[in-house]
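The values are calculated or read from the model by the stated rules, or taken from the named source; none is laboratory data. Being a predicted model, the structure only gives us computed values, none of them experimental. A quick note on method: Cβ atoms are made from the backbone with ideal geometry, for glycine too, and the neighbour counts reach across all protein chains shown. Side chains included, ligands, DNA and RNA excluded: accessible areas come from the protein's heavy atoms. Shrake-Rupley method; radii C 1.70, N 1.55, O 1.52, S 1.80 Å.
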Amino acid sequence: SRLQHLTQATLLAQQKMAESELEARSKGVAQLTDSAGEFAEPFADYRWRIAITGTPLPVVQMVTVTVLWGEEERNESVDIISFLF
């Protein structure tokens, strides 16, 4: 069960990262903002957070996508980090 959750959460995180990359290309990386939400059925057990962090290079942003399920205190989450410019 845990392995299935990890696999599904990783795929969902990759999807959210791809959406962030598309948004950065169309609107510009400076327009990205922190956000959070829940996935629609059949993935309603999962929720997501996107954190945007500046870097020493003004045109580069660090994007962290976190997909969580169950209890956050139990570390039931997956993080994917990318740098967008």
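Tabulated data
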read-out	value
Extension gain from residue 30 to residue 83, taking 0.36 nm per residue of separation minus the Cα-Cα distance	17.8 nm
GluC sites (Glu not before Pro) restricted to the stretch 4-85 and DSSP loop, no more than 12 other C-beta within 10 Å	71
Quarter of Cα convex hull surface for the chain, i.e. mean projection, nm²	5.7
³J(HN,Hα), Karplus 6.51/-1.76/1.60, whole Hz, each residue of the stretch 34-50, x for Gly, Pro	4, 7, 7, x, 10, 7, 7, 4, x, 10, 5, 6, 10, 10, 9, 9, 10
Average accessible surface area per residue within the stretch 9-49, 1.4 Å rolling probe, Å²	66
